[in-house]
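K.L.:
One structure coming up, written as structure tokens, with questions to follow.
Each reported figure results from applying straightforward, stated rules to the coordinates on display, with no laboratory input. All values reported here derive from a predicted model rather than from experimental measurement. As a convention, Cβ positions derive from the backbone with ideal geometry for all residues, glycine included, and neighbour counts pool all protein chains shown.
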Amino acid sequence: MRAIRLASERQYRTEARRLVSARITALRLEAFEQLPKHARRCVFWEVDPATLGKDDHLADPEFEKEAWLSMVMLEWGSCGQVATALPDDRGHSEPPCVGYVLYAPPRAVPRAHRFPTAPVSADAVLLTSMGVERGQAPDDLPHSLIARVIDELVRRGVRALEAFGRTPAAAGLQDPATADTDVRPVLEALGDCSVEHCVIDADFLTDEGFVVVAPHKYFPRLRLELDKGLGWKAEVEAALERLLENAQLQQPVGAASTAANTLQSREPQG
């Protein structure tokens with residue numbers, strides 16, 4: 001029976017974490033250090049390699065990334081959403097970042113013009129990068145991040161969200177020297193950046209409602225119209241997340257064990 005009780009308790013806790021285990025908020029510059037290491041150092045979208053001349057690296061990519069975020073926030077406003085784990089009552093450390101998503105006006109994204117399916121539509125904001133810490137975040141966190149971006153942009157009156165996607169065929173692109181001429185500018189990267197890590201999967205984007213507006217074997221451009229109906233849906237999802245989050249925060253210590261004991265008492269005795 002003890003094994004059953006422990007299994008029930010684990011199931012309860014797992015379900016609670018699945019329902020809501022991350023809080024999504026707008027990225028603030030003072031929270032830059034909280035981003036995952038790759039997110040802080042990745043300048044795939046923010047720096048055009050052509051501007052560096054013969055140099056193939058940056059002395060301080062984190063400085064460049066933070067400077068870019070500061071510029072966009074100052075000139076345009078919020079340009080990212082971050083997901084942090086809910087605080088644990090057992091500790092007082094800062095909750096870790098378990099996911100993030102970045103976006104900006106295409107004019108502020110130097111890499112955008114290098115894609116063969118450029119330019120981004122004049123009425124759209126460009127979704128650039130997204131990352132989730134595997135094993136530390138709920139499976140639906142990528143969807144929740146996109147929903148929060150939609151909610152934010154609809155509130156700001158943006159008409160569309162576009163992104164350059166990466167198809168499965170792009171996995172075979174390794175050496176820019178042997179690639180098709182129209183994709184070589186995309187493959188040129190700095191540091192540990194790469195197409196695989198820094199370009200969002202096209203299949204994921206289509207699953208989220210994006211449609212291909214500029215087809216390409218490797219890097220199609222996709223678009224999501226941000227009408228008021230879509231914004232309403234995102235708002236409802238965000239409200240439900242907040243309700244679940246508040247419910248878990250207010251859960252008294254030992255509630256998981258109580259629930260497990262309740263489940264045990266309802267099991268047939270044998």
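K.L.:
Using a Förster radius of 22 Å, what is the FRET efficiency between Lys37 and Ser78 based on their Cβ-Cβ separation? Nearest 0.05, please.
P.N.:
Given R0 = 22 Å and the Cβ-Cβ separation, E is 0.50.
K.L.:
Name the residues of the stretch 190-217 whose amide N is less than 19 Å from a point 7 angstrom out from the Cα of Asp140 along the C-beta direction?
P.N.:
The answer is 204-210, whose backbone nitrogens lie closer than 19 Å to the label point.
K.L.:
Let me ask something additional. How high is the FRET efficiency between Leu86 and Asp175 when r is their beta carbon distance and R₀ equals 51 Å, given to the nearest 0.05?
P.N.:
0.70
K.L.:
A further question follows. Could you calculate the FRET efficiency of His57 with Ala122 from 1/(1 + (r/R0)^6), where r is the beta carbon distance between them and R0 is 25 Å, rounded to 0.05?
P.N.:
About 0.15, to the nearest 0.05.
K.L.:
Which residues in the stretch 165-195 place their backbone N less than 17 Å from a point set 7 Å from the Cα of Glu64 along the Cα-to-Cβ direction?
P.N.:
Residues passing the 17 Å test: 185-195.
K.L.:
Please report the orientation-averaged projected area of the stretch 28-148, defined via the convex hull of its C-alpha atoms, in nm².
P.N.:
Projected over every direction and averaged, the Cα hull of the stretch 28-148 covers 9.3 nm².
K.L.:
What ranking of Lys217, Lys37, Lys65 emerges when the number of other C-beta atoms within 10 Å of each C-beta is taken as an exposure proxy, fewest first?
P.N.:
So the ranking, lowest neighbour count to highest, is Lys37, Lys217, Lys65.
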